[in-house]
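Worksheet: the structure to be examined is printed underneath.
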């Protein structure tokens, strides 16, 4: 009795093994993110042939079952040998070819699923959002978005993932593995998608463009951030002061104002900075690096901002204009100071006498009246002055230079103020 039941038992085990093997293969492919469309076509489910396509398919599954069934009453070894031999034939022989692209497959189920690539057929749809998929495996993975299921967890940090592929990519953080390297510069990456984006640096490709201004971007993420300039969207807001930002990185930098955190420090002088960019610019003070040079005069600059302002000297560009008088300025800071003439604002006041000033520079010069400081000295007579302008006027006594002349009588003067007083002789003006 035991002898008669054994072949049937083995047949059952073989059948289950085949199904489990294919089912496992399906799950592994689905779990890996279903990157390749052919990979997504391994699920063991019967799909009817697509109408309109000439697909000549013989059902190997049924044939395999018949072979095993016909040998079930014979010796167990014959069943094993026949099954294994036949199974190897299927692995090596991809006898079923796609009539459209010629790709070969060992199993009918693989060919059936592959055909959906050409037809665009997506028979499996999500009950939550209605999105369609060509295989049930893809649908199963997709539904984890709605359920929040994360069946794969990292053994190092316990972080959960919805697909095995995502877990494998994550594990490279811990192992340091970077299997994808750039043929142009040799830089390595954890993911193939990162390499693909990186290669656009070398090719200059910018496949994503703004529909409003047509500006191009190398990544979809950068385009999305850029679009907020046009929409005005600022999704990241500071919990401390309520100020909003386009990017999370901008918010992170802003929060250093409230925390006082300066995570980047200069190795030369120890000065701290809230951002890496500021730290890099500061380091040029010590290194003397001036990577931006003027093509007109050859002068070098440590930052692109200072370089751009300098170029306006040559171009005469004055992009900032006063709304009250229309006067133009090359820098926004100068316009801001100028507008105080119209508003009368004097935000800087002297701590000794209380007098107010429109700029910190004028206050600084004023403070020398109280301190008696005279940092500018005449090289000829040694006399000291609190202002550079006053020293320049004084130097004309020694040089005899008189750059200011009267338009009425031609008399020259060393100072503009002296000329102004002289002109009253001609105009009859009384101060």
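Classification of region 149-277 by its C-alpha gyration tensor yields a rounded form. The axis ratio a/c (a ≥ b ≥ c) stays under 1.5. Using a cutoff of 8 angstrom between alpha carbon atoms and counting only pairs six or more residues apart, the relative contact order for region 186-333 works out to 8 percent.
Most tightly packed first, judged by the mean number of other beta-carbon atoms within 10 Å of their residues, the peptides 225-235, 131-141 read 131-141, 225-235. Summary value for region 157-268: 10 percent relative contact order, contacts being C-alpha pairs under 8 angstrom separated by 6+ residues. When each of the peptides 238-244, 272-278 is scored by the mean number of other C-beta atoms lying within 10 Å of its residues, the order from highest to lowest reads 272-278, 238-244. The Cα atoms of region 387-431 give a gyration tensor whose axes a ≥ b ≥ c have a/c of 1.5 or more with a/b no greater than b/c, which makes the shape oblate.
The numbers here are math on the coordinates, done by the rules we state, and not lab data. From a predicted model like this one, the values you see are computed outputs, not experimental measurements. As a convention, Cβ positions derive from the backbone with ideal geometry for all residues, glycine included, and neighbour counts pool all protein chains shown.
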